[in-house]
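Just below is one structure, and these are the notes that go with it.
The values are calculated or read from the model by the stated rules, or taken from the named source; none is laboratory data. Bear in mind the structure is a predicted one, so any value in this text is a computation, not a measurement. Ideal geometry is used to build each Cβ from the backbone, glycine not excepted, and the neighbour counts take in all protein chains shown.
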Amino acid sequence: MQPITSTSIYLMKVTLKGPSPKIWRQIQVQGGTTLNKLHRILQAAMGWGNLYRYEFIVGDAHYGEHHPEYHYKMKSDNATKLYQVATQVGAVFTYLYDFNNGWEHEMVTESIKSSALGLKYALCLSGERACPPEDCAIVGGYDHFMQVIANPKDKEFHEMMQWAGGSFNPERFDINDVNERLKNIV
């Protein structure tokens, strides 16, 4: 087995916990990517707007930006690289985005391959479904939103669609659009 290094190429599956059917992405990213940059990659891949706090949870360790309200020590996500926390195929950790609404993502390391060339930017290889709109709570909020937008006669329909930016198709996933956004992550 080749040693895992900063130039190793990771194939990761990212699944948003909660909604059914599942919302997920499969991404390819370099092992030397900092967790801070991985956060920005996940924002682009999943379709979030990078409006809220986040953290990575690996075992008992929390990585992100420390905040005085936290009851635990947050390790630096700028100083920690993917290959340092996902040390083997099958490694699983959590990406939590928007603490108030609790969007928890399961990160699974599907494969790790050596590469002398590396990647200039992350790639999204596949995925399904659109991410919920920002500010939509995982428990109750997203289900309610989905029920309302499924019925144009619902009294909240127009308000919800306006809140969602004018339109929302939960089945929409455009891999080309995702990969264009990923090219801008440096």
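Listed values, structure above:
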{"quantity": "Members of the range 12-68 that are of a type in the set (D, E, K, R) and more than 16 Å from Gly127 (Cβ to Cβ)", "calculated": "Lys37, Arg40, Arg53, Glu55, Asp60, Glu65"}
{"quantity": "Per-region count, the range 20-32, residues within 14 Å of the chain's Cα centre (by Cα) and surrounded by 15 or more Cβ atoms within 10 Å (Cβ to Cβ)", "calculated": "7"}
{"quantity": "Any pair with Cβ under 6 angstrom, 6 or more apart, that starts in the range 1-22 at a residue that is within 19 Å of Glu104 (Cα to Cα) and not assigned by TED's automatic domain parsing to the domain that holds Ser111 and ends at one that is in a loop (DSSP other than H, G, I, E, B) and among the hydroxyl-bearing types (Ser, Thr, Tyr)", "calculated": "none"}
{"quantity": "Subset of the range 79-128 (residues that are loosely packed, with under 13 Cβ neighbours inside 10 Å, out of contact with any strand residue (DSSP E or B) (no Cβ under 7 Å at 6 or more places or on another chain) and over 15 Å from Thr7 (Cα atoms))", "calculated": "Ala79, Asn100"}
{"quantity": "Search result, residues across the range 141-172 that are aromatic (Phe, Trp, Tyr) and at pLDDT below 90", "calculated": "Tyr142, Phe145, Trp163, Phe168"}
{"quantity": "Near pairs, Cβ below 9 angstrom, 6+ apart or cross-chain, from the range 173-184 (surrounded by 12 or more Cβ atoms within 10 Å (Cβ to Cβ)) to any residue that is among the hydroxyl-bearing types (Ser, Thr, Tyr)", "calculated": "Phe173/Ser126; Ile175/Ser126; Asn179/Tyr121; Leu182/Tyr121; Lys183/Tyr121"}
{"quantity": "In the range 1-13, the residues that are buried (at least 21 other Cβ atoms within 10 Å of the Cβ) and touching a Leu at 6+ places or on another chain (Cβ under 7 Å)", "calculated": "Tyr10"}
{"quantity": "When residues of the range 128-166 are limited to those that are among the charged types (D, E, K, R) and over 24 Å from the mean Cα position of the chain (by Cα), the one nearest to Leu42 (Cα to Cα)", "calculated": "Glu159"}
{"quantity": "Among residues of the range 23-51, those that are without any contact (Cβ under 8 Å) to a residue 60 or more places away in the chain and out of contact with any Phe, Trp or Tyr (no Cβ under 6 Å at 6 or more places or on another chain), counted", "calculated": "5"}
